[in-house]
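Since the structure comes first, as structure tokens, the remarks are kept for the end.
The values are calculated or read from the model by the stated rules, or taken from the named source; none is laboratory data. Being a predicted model, the structure only gives us computed values, none of them experimental. No Cβ is skipped: glycine too gets one built from the backbone with ideal geometry, and neighbour counts run over all protein chains shown.
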Amino acid sequence: MEEDLQELEIWLRDALAIADSVLAVEVVRIEALGKKGRLTTLLKTLGRLSPAERARQGETLNAVKQTVLALIETRLAALREAEMEVRLAAERVDITLPARPEPEGCIHPVSRTIDTVAALFGVMGFSIAEGPDIEDDFHNFTALNMPLDHPARQMHDTFYLPKRADGSQFVLRTHTSPVQIRTMRAQKPPIRIIAPGRTYRCDSDMTHTPMFHQVEGLVIDESTHFGHLKGCITEFIHAYFESDTVPVRFRPSFFPFTEPSAEVDIGCSRRGGEMKLGPGGDWLEIMGCGMVHPRVLTACGLDPERWQGFAFGMGVERLAMLKHGIPDLRTFYESDVRWLRHYGFRPFE
Ligand code: DAH
């Protein structure tokens, strides 16, 4: 037995030394400790011994078994480490290689302008509302007190979708004002929202594109009056153009959905053919506004005796052109990357 054990250990050390993979070590392990393994066989002989002898030999054999297991484990650890070294060497990343240049995108002036407008009204407590680009007649016209013969309803001004079986006809919304209607019908006052979004009209020249953007505003509560409207819009214009000296003028006007209505002009100078914002004797129209018409409130289920407020609407492209000196509206939608690189904004600026 003593000899057997010595031989076993010599054999094991040799076998492990030449086992050069995890699999080869497993073969050695089975040969030593498997069901018919060398050590297992020796362990089986214990049964034939006297109790005293069995205790002694058993102890020895168990000690040998622990040694065998430890030798195998040591060999496995060495092999795993070697395998890892090989992998690390093979998968080495050359961090000295210069990075490939990433093409850098930029933010379109329309997106940037909407973000700026939203942030400024956000400070004044407005939240954002949305509505669909494809509107029905009720939200786009009727509820806004636009009668059937209103010019905006003419075929040549509005993109109509084909008539449906029930005779109704959807339109690509001609303004963001329908979002006022949707908001008032969906939530109880007080309301204080802006609604930026796409709008569509059958128009195309230097200053018109068939698709453009507007921001609508709506404030409804029990006591908001025209003074609040003037203060809010003036505050916005000064903040947006980053100048407290840009003159702001409210010029009486007409919109079916407001009464009284006004157009808002900002002061500029056109001397020498160049347009400059500021006090200069000339005026430039930038938005429409007014006190929400009682008929509009009624169409939204609000009692005009109790609720009142103001609304406004402005063109986003026009705001962007004025602030950033972009001369031609049509270039906004030509998707020329050179234009974007020039007039676009870097994300974190
Ligand atoms: N919807 C108008 C347009 O497209 C703009 C407008 C004017 C909106 C006055 C308003 C408003 O809310 O009060 O020309």
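Quick one: is residue 139 modelled with pLDDT under 90, closer than 30 Å to residue 230 by Cβ and either in the same structural domain as residue 12 (by TED's automatic domain parsing) or surrounded by 12 or more Cβ atoms within 10 Å (Cβ to Cβ) (or both)?
For residue 139, the condition - modelled with pLDDT under 90, closer than 30 Å to residue 230 by Cβ and either in the same structural domain as residue 12 (by TED's automatic domain parsing) or surrounded by 12 or more Cβ atoms within 10 Å (Cβ to Cβ) (or both) - is not met.
Could you identify the single residue in 176, 158 that is surrounded by fewer than 21 Cβ atoms within 10 Å (Cβ to Cβ), assigned to a loop (DSSP other than H, G, I, E, B), of a type outside the set (D, E, K, R) and in the same structural domain as residue 224 (by TED's automatic domain parsing)?
158
Can you find a residue that is away from the ligand (no atom under 14 Å from the Cβ), assigned by TED's automatic domain parsing to the domain that holds residue 125, touching a Phe, Trp or Tyr at 6+ places or on another chain (Cβ under 9 Å) and of a type outside the set (A, V, I, L, M, F, W, C) anywhere in segment 248-268?
For segment 248-268, residues away from the ligand (no atom under 14 Å from the Cβ), assigned by TED's automatic domain parsing to the domain that holds residue 125, touching a Phe, Trp or Tyr at 6+ places or on another chain (Cβ under 9 Å) and of a type outside the set (A, V, I, L, M, F, W, C): present.
Quick check on this structure: which one of 198, 192 is outside any loop (DSSP other than H, G, I, E, B) and more than 13 Å from the ligand (Cβ to nearest atom)?
192 is the lone residue from the list that is outside any loop (DSSP other than H, G, I, E, B) and more than 13 Å from the ligand (Cβ to nearest atom).
So if I check each of 112, 56, which one is at pLDDT 90 or above and in a helix (DSSP H, G or I)?
Just one listed residue meets the conditions, 112.
Under the condition of being of a type in the set (Asp, Glu) and out of contact with any Leu (no Cβ under 9 Å at 6 or more places or on another chain), which residue from segment 293-342 is farthest from the ligand (Cβ to nearest atom)?
In this case the residue turns out to be 336.
Going residue by residue through segment 305-320, is there one that turns out to be in contact with an Asp or Glu (Cβ under 9 Å, 6 or more places away or on another chain) and of a type in the set (Val, Ile, Thr)?
For segment 305-320, residues in contact with an Asp or Glu (Cβ under 9 Å, 6 or more places away or on another chain) and of a type in the set (Val, Ile, Thr): absent.
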